[in-house]
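The values are calculated or read from the model by the stated rules, or taken from the named source; none is laboratory data. In this text, all values refer to a predicted model and were calculated from it rather than measured experimentally. Quick reminder, even Gly has a Cβ in these numbers, built from the backbone with ideal geometry, and neighbours come from all protein chains shown. Heads up: the accessible areas ignore ligands, DNA and RNA and are worked out on the full protein's heavy atoms, side chains in. Shrake-Rupley method; radii C 1.70, N 1.55, O 1.52, S 1.80 Å.
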Amino acid sequence: MRVLVSGASGYVGRVVVEELATAGHVPVPLVGDVRTCGPVPDVDAVVHLAGLARVRESFEEPVRYYDVNVGGTLNLLRHPPPRFVLASTAGVYGAPPTGLVAEDAPRSPGNPYAASKAAAEDALAWAARAGLVSAVVLRLFNVVGGGDRDDTRVVTRACGAASGRLPPVEVFGDGSAVRDFVHVRDVARAFVVAVGGGGAGYEVFNVGATPASVTGVLAEVGRVSGREVPVVRRAAHPGEVRELRADTTRLRALGWVPRCSGLADVVRDQWAAEVGREAAGREGAARG
């Protein structure tokens, strides 16, 4: 299949392109701004990854987040290919009453980023209902590993703090809050499954793999790196979700199984990238 990939040069997009090619598909990177690019070229499917994804930033720039995340989706839906796969977020669930969340749980986004993704989901669902496209939404939990450069994410931030590149990690509350982590390579494989599997109409799948607490992540980074992760303790955020884990039964039924998302695996992977980044910095400083 020829698969258009928006956001193909991004953190997730680069790996999706690799996995699509490995699976025998022909990835076609989208050229230009996803909000204003012309008609979708002659492809069999689109994987829509382009967007803004920082929660704190979205509170400061909510209009921009809707413009990019919703506007980009609407632009691609004007002339969609037969199959449309949208990257969404577990943030659409907000603060669910139970820790293990299935796809039919009510959505209650608590920030502009998640709300913009929920709106993009709605647009896609209505397009599928009208028979314009066969659609899949992948709700990603915490994507990690693969040399992630986003220092706002806990595993990347903890590795950076252990190396001394970043200041101490701020831990809000006692560090017992649990989140679900999944390696970017396993996420990319989920997109490959979504492109070629599933049924017609509109389907939603969670993509997660390994629940872990903040304390557990910091301990694993310390073990792998052999260095203590410096920490600054802060008061807990009021109303923070104590536990958010992905029920991936639906996705596993299509044959998807995480291969490299164990906590030790993702931390080793990210720490190796951090060490390489540290070495490159020293080399650059020596040349300068």
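What the table below lists for this structure:
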| item | result |
| --- | --- |
| Qualifying position, being in contact (Cβ under 8 Å) with a residue 40 or more places away in the chain, open to solvent by 40 Å² or more (accessible area, probe 1.4 Å) and of a type in the set (Gly, Ala, Ser), among Ala119, Ala95 | Ala95 |
| So Val192, is it open to solvent by less than 50 Å² (accessible area, probe 1.4 Å) and of a type in the set (A, V, I, L, M) | yes |
| Selection count where residues are over 30 Å from Arg227 (Cα atoms), more than 13 Å from the chain's Cα centre (by Cα) and hydrophobic (A, V, I, L, M, F, W, C), scope region 160-198 | 4 |
| Failed item, numbered, when Arg139 is tested on (1) under 22 Å from the mean Cα position of the chain (by Cα); (2) among the basic types (Lys, Arg); (3) open to solvent by 50 Å² or more (accessible area, probe 1.4 Å) | (3) |
| Count - residues of region 160-179 that are open to solvent by 20 Å² or more (accessible area, probe 1.4 Å), closer than 17 Å to Asn142 by Cα and of a type in the set (A, V, I, L, M) | 1 |
| Residue count for region 194-239, restricted to those that are under 26 Å from Leu166 (Cβ atoms) and outside any loop (DSSP other than H, G, I, E, B) | 20 |
| Pairs with Cβ under 9 Å, 6+ apart, first in region 228-256 and farther than 15 Å from Val214 by Cα, second open to solvent by 70 Å² or more (accessible area, probe 1.4 Å) and not in a loop (DSSP other than H, G, I, E, B) | Ala246/Leu100; Asp247/Leu100 |
| Qualifying position, being surrounded by 15 or more Cβ atoms within 10 Å (Cβ to Cβ), β-branched (Val, Ile, Thr) and either under 20 Å from the mean Cα position of the chain (by Cα) or farther than 30 Å from Ala128 by Cβ (or both), among Val232, Val221 | Val221 |
| Region 242-275: number of residues that are out of contact with any Asp or Glu (no Cβ under 8 Å at 6 or more places or on another chain) and in a helix (DSSP H, G or I) | 11 |
| Filter result for Ala135 (assigned to a helix (DSSP H, G or I) and closer than 22 Å to Ala8 by Cβ) | no |
| Matching residues in region 1-18 - criterion: being of a type outside the set (Val, Ile, Thr) and either open to solvent by 30 Å² or more (accessible area, probe 1.4 Å) or in a loop (DSSP other than H, G, I, E, B) (or both) | Met1, Arg2, Gly7, Ala8, Ser9, Gly10, Tyr11, Arg14, Glu18 |
| Test: Ala127 is of a type in the set (Gly, Ala, Ser), more than 19 Å from Ala190 (Cβ to Cβ) and either in contact with a Lys or Arg (Cβ under 7 Å, 6 or more places away or on another chain) or buried (at least 16 other Cβ atoms within 10 Å of the Cβ) (or both) | yes |
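Per-residue answers, yes or no, for (1) surrounded by 15 or more Cβ atoms within 10 Å (Cβ to Cβ); (2) touching a Gly at 6+ places or on another chain (Cβ under 9 Å); (3) outside any helix (DSSP H, G or I):
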| site | (1), (2), (3) |
| --- | --- |
| Gly24 | no, no, yes |
| Val28 | yes, no, yes |
| Arg35 | yes, yes, yes |
| Val63 | no, no, no |
| Tyr66 | yes, no, no |
| Thr73 | yes, yes, no |
| Pro80 | yes, no, yes |
| Arg107 | yes, yes, yes |
| Gly110 | yes, yes, yes |
